[in-house]
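The values are calculated or read from the model by the stated rules, or taken from the named source; none is laboratory data. Quantities reported herein were computed from a predicted structural model and do not represent experimental measurements. With ideal geometry, Cβ positions are generated from the backbone for all residues, glycine too; neighbour counts draw on all protein chains shown.
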Amino acid sequence: MKWILVFEIVYVLFIIAVCLRIIYDTRSVSKTLAYLMLAVFLPVVGVIIYFSFGINYRVRKIYNKKIISDDIISQRINARIILNSEKTIDQMNPELQKYKKLAQLLLNSNMSGLSGRNEVKLLLNGEQKFPEVLQALRNAKHHIHMEYYIFEDEKIGNEIKDILIEKAKQGVQVRFIYDDFGSRSIRKKLVPELKAAGVQAFPFYQIIFIALANRLNYRNHRKIIIIDGNIGFTGGINISDRYINDANDPKSLFWRDTHVKIMGPGVHYLQHLFISDWNFCSEETLEIQEAFFSTHEKLKGEVEVQIAASGPDSDHPTILLNLIQAIGMADQEILITSPYFIPGISLLDALFVAALSGIKVKLLVPFESDSIWVAAAARSYYQELLDVGVEIFQYQKGFIHAKTMVIDEQLSFIGTANMDERSFELNFEVNTVIYDSGIAKELKNAFEEDLTFSVPIDAKSWAARSARVQFPEKIARLLSPLL
């Protein structure tokens, strides 16, 4: 009996210690409550889940993101970024001047300056992206920097691999970062082939068995290609055959996604992100070269571009703050596409305010998801949004994987970040903010085209669903901070 009492006391003290750790370490109130519930009501399992997935690396920084160790030089560069950004802001198209505060937010949050004189090309699906990428890679003269969450050992992956090998043999600097979990299919064969040919390749946050669970939790979800310092690609499309929709194969699932090609100084912050990630992955300091931040003199673009990036290394959830600010600045219309829509309270309230203010808000989500629990959690939010006038459409042509937002036919967001806690807090993400009515109208047209393959959700019918259908969604919502 004495040993049982001692065990109970030790156990209680241990649970109290874990709970105190959760309270101290977890910033999100909803996530804190979720982990506390797990620790108290599922003591052993809950504690294991917390220590596997819940440790807050925004407090315990995964890595130092500085690419220049000399503070004096860094201060000079930052001062130049601020000066150039403020100059670009002042020279913005008059109709876009109202977004000054949005540009200032990104500048203050992660020193991402607004850049002008960019050419921007919208790329819909793999059919438009990959031909552009292949051509740009073949034309590389100085360097190719590539960073991907998913890079598959398939037809398109091997085609790109062959080009990287060819360019490396020509003397082009080729550096490749792959997520060790998302790109696990290339570890044994494709990566060794690249390395043998002179390509420098490193996994991001390599999975070690002892630290398996927690390292799975913090993934590099970015998709970035930088070529010769002045051409960049980013967006939602990974390197995988599934993104190339074969019209001759009616049985294949149609993947709808969006990417963007940037030509000009807007590429420079993508380069900054890559170098930061490279220094972490390779455990070496990449010597900065002028060619990494070159600007092609022949470019005559007129588009202002800014990059929003965030991850466990960020001081703030920059992408989330950026989206909330943009939603709050809308006057007429907000068009959102998201494959995984599990908004936190702040984002949900921003959409409530917009809809209740008379702004037309449309949300496009998949009809069927590749994650049962995530889809269930997302559905639990639909009724509240429908009640305030948000229009929700479910895409039925295939799986919609695009992560985009259009504001008032003036402002566009294209990126890697889903509208969920994982993207805003746990993963390394990157979004492109484009201040241009032409691109915004193109993206709006694509959105409206997607609506022709979608069905709207009727608020009354949705509310009339049985308790048996809604109960699993309520449970999934309780666990949504952990999904």
What helices (runs of 4 or more DSSP H) lie completely within the stretch 154-258 and have 1 or more residues being touching an Asp or Glu at 6+ places or on another chain (Cβ under 6 Å), at negative phi and assigned by TED's automatic domain parsing to the domain that holds residue 123? 155-169, 190-196
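So that you can scan it fast, the table gives a plain yes or no per residue for (1) at pLDDT 90 or above; (2) under 16 Å from residue 132 (Cα atoms):
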| site | (1), (2) |
| --- | --- |
| 237 | yes, yes |
| 240 | yes, yes |
| 251 | no, no |
| 268 | yes, no |
| 275 | yes, no |
| 285 | no, no |
| 288 | no, no |
| 291 | no, no |
Of the residues in the stretch 458-469, those that are modelled with pLDDT of 85 or more and within 11 Å of residue 379 (Cα to Cα) come to 462
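Taking helices (runs of 4 or more DSSP H) that do not extend beyond the stretch 315-392, which have at least 3 residues that are under 29 Å from residue 104 (Cα atoms) and not assigned by TED's automatic domain parsing to the domain that holds residue 273? Spell out the reasoning first.
On the way: elements: 318-329, 345-356, 372-379, 382-387.
Once the helices (runs of 4 or more DSSP H) in the stretch 315-392 are filtered for at least 3 residues that are under 29 Å from residue 104 (Cα atoms) and not assigned by TED's automatic domain parsing to the domain that holds residue 273, what remains is 318-329, 345-356.
A quick yes/no check of all residues on (1) out of contact with any His (no Cβ under 7 Å at 6 or more places or on another chain); (2) of a type outside the set (Lys, Arg); (3) crowded, with 17+ Cβ neighbours inside 10 Å; (4) modelled with pLDDT of 95 or more:
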position: 53; (1), (2), (3), (4): yes, yes, no, no
position: 60; (1), (2), (3), (4): yes, no, no, no
position: 74; (1), (2), (3), (4): yes, yes, no, no
position: 86; (1), (2), (3), (4): yes, yes, no, no
position: 97; (1), (2), (3), (4): yes, yes, no, no
position: 117; (1), (2), (3), (4): yes, no, yes, no
position: 144; (1), (2), (3), (4): yes, yes, yes, yes
position: 152; (1), (2), (3), (4): yes, yes, yes, yes
Sole residue being modelled with pLDDT of 80 or more, surrounded by 17 or more Cβ atoms within 10 Å (Cβ to Cβ), more than 20 Å from residue 337 (Cα to Cα) and among the small types (Gly, Ala, Ser), chosen from 201, 196: 201
Being of a type outside the set (A, V, I, L, M, F, W, C), surrounded by 21 or more Cβ atoms within 10 Å (Cβ to Cβ) and not in a helix (DSSP H, G or I) narrows 429, 425, 409 down to just 429
Filter pass, residue 277 being outside any strand (DSSP E or B) and more than 20 Å from the chain's Cα centre (by Cα): no
